[in-house]
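Here is the structure we will look at, set down as C-alpha cells.
The values are calculated or read from the model by the stated rules, or taken from the named source; none is laboratory data. Just so we're clear, the structure is a prediction, and the values are computed from it rather than from any experiment. Reconstructed Cβ throughout: ideal geometry from the backbone, glycine too, with neighbour counts over all protein chains shown. Ligands, DNA and RNA are stripped out before the accessible areas are found, and what is left, the full protein with its side chains, is counted by its heavy atoms. Shrake-Rupley method; radii C 1.70, N 1.55, O 1.52, S 1.80 Å.
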Amino acid sequence: MTGPRRAGPSYREASARRRLAAILDEGSFGELLGPTERVTSPHLAALDLPVAFDDGVVVGTGLLGGQPVLGASQEGRFLGGAVGEVHGAKLTGLLRRALAERPAAVLLLLDTGGVRLQEANAGIVAVSEVMRAVLAVRAAGIPVLALVGGAWGCFGGMGIVARCCDGVLMSEEARMGISGPDVIEATRGVEELDASDRAMVWRTWGGKHRVLLGEADRLLEDSLPAFREAARQLVGRARPLTLAALEAEQAWLARRLADLGGSADALDAWRSAGVDEPERLPLLEPPAWSAAVAGARRVRP
Amino acid sequence: MEHLVFELERTPGPAPRRAAVVVGVVASGNLEVLVEAGPFPDRCRAEIQTSATGFGDIWGAVLADFAARHPVAGLSLAVNDGGATPAVVALRLGQAFEEYTGRNP
Amino acid sequence: MSVDELLRQLFPGGHAVRREGDLLVGTGRSPAGEIAVLGLCDGVDVGVELALRLATEVLRVVRDHPGRPILTLVDTRGQRMSKRDEVLGLNGYLGHLAACVELARQAGHKIVALVHGQAASGSFLALGMMADEIHAVDGASLSVMNLPAMSKVTKIPLERLERLSRGSPVLAPGLANYVALGCVRSIWSAPLAAGLEAALARPVEPDRRARRGLERGGRTLAEPVARRVSVTTTHGE
C-alpha cells in the first residue's frame with residue numbers, strides 16, 4: 001500500500017499528543033488541562049481500571065499556517081478512545097472556548113469507538129454535549145474539521161459527530177461509521193455480517209468507500225504531513241449552517257439513497273455509482289483510485 | 001487497583017529541572033509515566049497506580065534499579081499501569097527520563 | 001401509554017398528528033399556538049430512510065412555519081444495525097438530521113423532546129438529545145446497554161456492575177439515572193399538557209445539562225472540567 005513511499009511519519013502509529021503537535025505549526029501547541037493537572041475519570045477505579053492523566057484526550061491551542069486554531073486529539077489506545085465524562089467535557093470545553101476566542105478553525109482528531117461503556121450513561125450524554133457544541137460552533141461561523149486516521153477510526157455516536165463537522169479528512173486505512181462490524185455481528189448474527197471478513201470490513205467502513213460516498217472530503221495517505229497539509233487547506237472553508245445549505249445536503253443525500261439504496265455491499269454501491277470493475281478498487285493506490293472513481297465519486301455540497 | 005508510593009534515595013545525582021513530560025499510554029500490558037519536578041531535592045518520589053495487585057516488591061526492585069542508573073533526585077514520577085511486565089516498565093521509565101532531560105529548560 | 005392516549009393528553013385542544021408506520025408527524029394545538037410534532041413509536045430503530053424522512057420534516061417546519069415550536073416524541077431503541085445502513089453511510093444521515101435540528105434552534109424554533117417509550121444510542125443522539133429541553137414520561141426507559149451485555153463487553157462480572165449501579169447513575173439503564181446526570185430535565189406525569197405548556201413558556205437556554213448534572217450530584221466533573229478548558233490560559237512549552 002502506501003507504506004514504503006510515505007512522505008513522512010505515520011499518522012496511524014503516532015500517539016494522540018504527537019499527532020496534534022505535528023498537525024499544528026511547529027512549537028505552537030499549548031495544552032489545556034494537561035496530564036500534570038491529573039484530571040482523571042472518577043468512574044474507573046471502582047471497576048479496577050487504571051486511569052490516564054489526560055483521560056485519553058489532548059486539547060489545546062495552536063497555530064495552523066499561522067492562523068490561530070483549537071485542537072483536540074483522542075488517544076485510541078486508552079479504552080478505545082471512548083468518550084467518558086471527563087474526556088467528553090474536555091472536548092465540550094474546547095468547543096465552548098471556540099465561541100469566545102473565535103479561532104480560524106477547530107480540529108478534532110478523532111480516534112474512538114464512541115461511548116465509553118464503563119461510564120455508559122455519562123458517556124452518551126457527553127457525546128450529545130459534544131455534538132451540540134460542534135453544531136453551535138459551526139452556527140457561529142467557525143469551521144470544525146474532523147481528522148480520522150487512527151487505528152480505531154471513528155464509530156458510535158462520534159461517527160455522527162464527525163458528520164456534524166464542516167468536513168472530514170480520512171486516510172485509506174482509517175474507518176468511519178456508526179455500528180461497527182463486531183457490534184452488528186453480535187447483535188444481528190453472522191448471517192447479517194461476518195466481522196472476520198476483513199476485506200468486507202475494509203471496503204464497508206474504510207476511507208476509500210467513505211470518500212466515494214462523499215461522507216469524507218479527502219482521501220489521504222497515512223502520514224502526519226499529509227493530514228497537516230489537507231487540514232491547512234480546509235481551514236476557513238466552512239459549510240454554512242443555513243436552510244439553503246441543508247436543503248442542498250438533504251437533496252444530495254436523497255439522491256444518493258435513490259441511486260445506491262439497493263446496495264447490499266459496498267461493491268454493489270460502487271457498481272451502481274458507475275465504477276467499472278469495482279472489484280479492483282481496493283487494490284488501487286490513491287492516484288489510480290482517484291482516476292478510477294472520478295466520475296462516480298459523490299461530493300458533499 | 002493498587003496504589004504504591006516509593007522514595008528513591010540511592011541515585012547518582014540531581015536531575016535538571018524541565019517542563020513535565022508524559023510517555024506511554026495506559027492500555028493492557030502498557031503504562032504511562034509522568035515525569036515532573038518533585039517535592040524533595042535529594043530523592044525521587046514515585047507513585048504507582050496499577051491494575052495488577054501484589055507486585056509491590058517487583059515495582060520496588062525495578063524502580064531502585066532505574067534510580068541507580070539515572071540521576072533522578074528531585075524528580076517525581078507518576079505511573080498509571082495497565083499490567084505491564086517489568087521489562088516494559090523499565091523501558092518506559094528510561095524513555096521518560098530521556099525525553100524529560102532532552103527538553104529545553 | 002398508547003400513542004393515541006399520549007397525544008390526547010398532550011393536546012387536549014386537539015391535534016392533527018398522523019401515524020405513518022413508526023413515524024408520527026403533524027401538528028398539535030396548545031395555548032401557545034400550533035406546535036409541530038415529529039416523533040417515533042414502537043421503539044423503532046432508525047435507518048437511512050427514516051433518518052432522511054425526519055430531516056425532511058424538520059426542514060419543512062423551518063421553511064414553511066418560521067418560529068413554530070417543535071415537539072419531538074422519542075421512542076427508539078437506537079440506530080438500525082445492518083450492513084446495508086453502514087454501506088449507505090447512516091452516520092451521515094443522522095449527522096444531517098442533528099444539523100437540521102440545530103438549524104431549527106438557530107432559526108428561533110423552541111425544541112422540546114419527550115421520551116415516551118425507549119431512548120438509546122444514535123437515533124436518540126440525533127433527534128431527542130438535540131432538543132433545548134429533554135423530558136420523559138414516567139416509566140420511560142433510557143439506556144446505553146443493559147448490564148448483562150455490558151458485563152460481556154467489558155468483562156466485568158455482572159454482580160459487580162449491579163452492586164456499583166446502586167451507588168452510581170452512570171452505569172445502569174434507567175430514567176432516574178438520566179435525571180441525575182442532568183440529561184432529562186424533568187419527568188412528566190398526567191396531565192402531560194401542563195408539562196408541555198410550561199416547557200414552551202420557558203425561554204431557550206444554552207446547553208445546561210452538565211450544570212444540572214452537577215446540581216443534582218450525578219455528574220460532578222463534566223461542568224467544572226468543561227469550564228476550566230473553556231477559560232484557562234494555556235500551558236505552553
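For this structure, a couple of remarks:
- Given (1) more than 29 Å from C:Ile156 (Cα to Cα); (2) touching a residue at least 24 places away in the same chain (Cβ under 8 Å), index of the condition A:Ala100 fails: (2)
- Residue check, C:Gly128 in contact (Cβ under 8 Å) with a residue 24 or more places away in the chain, within 10 Å of chain A (Cβ to nearest Cβ) and not hydroxyl-bearing (Ser, Thr, Tyr): yes
- Residues that are more than 17 Å from A:Ala126 (Cβ to Cβ) and of a type in the set (Ser, Thr, Tyr) were ranked within the stretch A:28-58; the one that is nearest to the other protein chains (Cβ to nearest Cβ) is A:Thr36.
- Cβ pairs under 6 Å, 6+ apart, first in the stretch A:51-63 and closer than 18 Å to A:Glu101 by Cβ, second open to solvent by 20 Å² or more (accessible area, probe 1.4 Å) and of a type in the set (Phe, Trp, Tyr): A:Gly60/A:Phe29; A:Gly62/A:Phe29
- Per the listing C:Arg228, C:Arg219, the residue uniquely open to solvent by 20 Å² or more (accessible area, probe 1.4 Å) and at the interface with another protein chain (Cβ under 7 Å from one of its Cβ atoms) is C:Arg228.
- Matching residues, the stretch A:121-146, being surrounded by fewer than 24 Cβ atoms within 10 Å (Cβ to Cβ) and more than 17 Å from the chain's Cα centre (by Cα): A:Ala136, A:Ala139, A:Ala140, A:Gly141, A:Ile142
- Leading residue by the ranking (nearest to the chain's Cα centre (by Cα)) among those in the stretch B:31-51 that are open to solvent by 30 Å² or more (accessible area, probe 1.4 Å) and under 14 Å from B:Val89 (Cα atoms): B:Glu47
- Scanning the stretch A:152-196 for residues that are under 23 Å from A:Val57 (Cβ atoms), more than 9 Å from chain C (Cβ to nearest Cβ) and β-branched (Val, Ile, Thr) returns a single hit, A:Val168.
- Count of the stretch A:45-70 residues which are at pLDDT below 95 and out of contact with any Ser or Thr (no Cβ under 9 Å at 6 or more places or on another chain): 1
- Here the stretch A:185-200 is the region considered, the condition is being of a type in the set (A, V, I, L, M, F, W, C) and either within 20 Å of C:Val153 (Cα to Cα) or in contact with a Lys or Arg (Cβ under 7 Å, 6 or more places away or on another chain) (or both), and the residue that is modelled with the lowest pLDDT is A:Ala186.
- Filter result (at the interface with chain C (Cβ under 8 Å from one of its Cβ atoms) and open to solvent by 10 Å² or more (accessible area, probe 1.4 Å)) within the stretch A:93-106: A:Arg96, A:Arg97, A:Ala100
For (1) part of a helix (DSSP H, G or I); (2) basic (Lys, Arg); (3) facing another protein chain (nearest Cβ under 7 Å), each residue gets a yes or a no:
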| residue | (1), (2), (3) |
| --- | --- |
| A:Leu108 | no, no, no |
| A:Ala122 | yes, no, yes |
| A:Val125 | yes, no, yes |
| A:Ser128 | yes, no, yes |
| A:Arg132 | yes, yes, yes |
| A:Leu135 | yes, no, yes |
| A:Arg138 | yes, yes, no |
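- Strands (runs of 3 or more DSSP E) wholly inside the stretch B:30-105 that include at least 2 residues being more than 15 Å from B:Ala20 (Cα to Cα): B:44-50, B:75-81
- Of the residues in the stretch C:131-149, at least one is over 13 Å from A:Ser128 (Cβ atoms) and of a type in the set (Ser, Thr, Tyr).
- Per-region count, the stretch A:234-283, residues away from every other protein chain (no Cβ under 11 Å), acidic (Asp, Glu) and touching a Leu at 6+ places or on another chain (Cβ under 9 Å): 1
- Given (1) open to solvent by less than 10 Å² (accessible area, probe 1.4 Å); (2) touching a residue at least 24 places away in the same chain (Cβ under 8 Å); (3) among the small types (Gly, Ala, Ser), index of the condition C:Gly92 fails: (2)
- Of the residues making up the stretch C:191-212, those that are more than 10 Å from chain A (Cβ to nearest Cβ) and part of a helix (DSSP H, G or I) are C:Leu192, C:Ala193, C:Ala194, C:Gly195, C:Leu196, C:Glu197, C:Ala198, C:Ala199, C:Leu200, C:Ala201, C:Arg211, C:Arg212.
- Considering the conditions (1) open to solvent by 10 Å² or more (accessible area, probe 1.4 Å); (2) touching a strand residue (DSSP E or B) at 6+ places or on another chain (Cβ under 6 Å); (3) touching a residue at least 40 places away in the same chain (Cβ under 8 Å), A:Arg175 is excluded by exactly one of them, (3).
- Candidates C:Ala131, C:Ala194, C:Ala190 - the one that is surrounded by 15 or more Cβ atoms within 10 Å (Cβ to Cβ) and of a type outside the set (D, E, K, R): C:Ala131
- Filtered residue count, the stretch A:263-301, keeping only those that are charged (D, E, K, R) and surrounded by 17 or more Cβ atoms within 10 Å (Cβ to Cβ): 4
- Scanning the stretch C:213-237 for residues that are in a loop (DSSP other than H, G, I, E, B), among the hydroxyl-bearing types (Ser, Thr, Tyr) and either modelled with pLDDT of 95 or more or within 26 Å of the chain's Cα centre (by Cα) (or both) yields one hit, C:Thr220.
- Residue tally, condition in a helix (DSSP H, G or I) and out of contact with any strand residue (DSSP E or B) (no Cβ under 7 Å at 6 or more places or on another chain), over the stretch C:161-190: 10
- Of all positions in the stretch A:75-86, none carries a residue that is part of a helix (DSSP H, G or I), crowded, with 17+ Cβ neighbours inside 10 Å and of a type in the set (Lys, Arg).
- When residues in the stretch C:154-166 are screened for being facing chain A (nearest Cβ under 9 Å) and under 25 Å from the mean Cα position of the chain (by Cα), 0 of them pass.
- Residue list for the stretch B:67-82, filter: more than 15 Å from B:Val5 (Cα to Cα) and either surrounded by fewer than 16 Cβ atoms within 10 Å (Cβ to Cβ) or hydrophobic (A, V, I, L, M, F, W, C) (or both): B:Ala68, B:Arg69, B:Val72, B:Ala73
- For A:Gly8, the requirement of being part of a loop (DSSP other than H, G, I, E, B), more than 9 Å from chain C (Cβ to nearest Cβ), in contact with a Phe, Trp or Tyr (Cβ under 7 Å, 6 or more places away or on another chain) and closer than 30 Å to A:Leu281 by Cα is not met.
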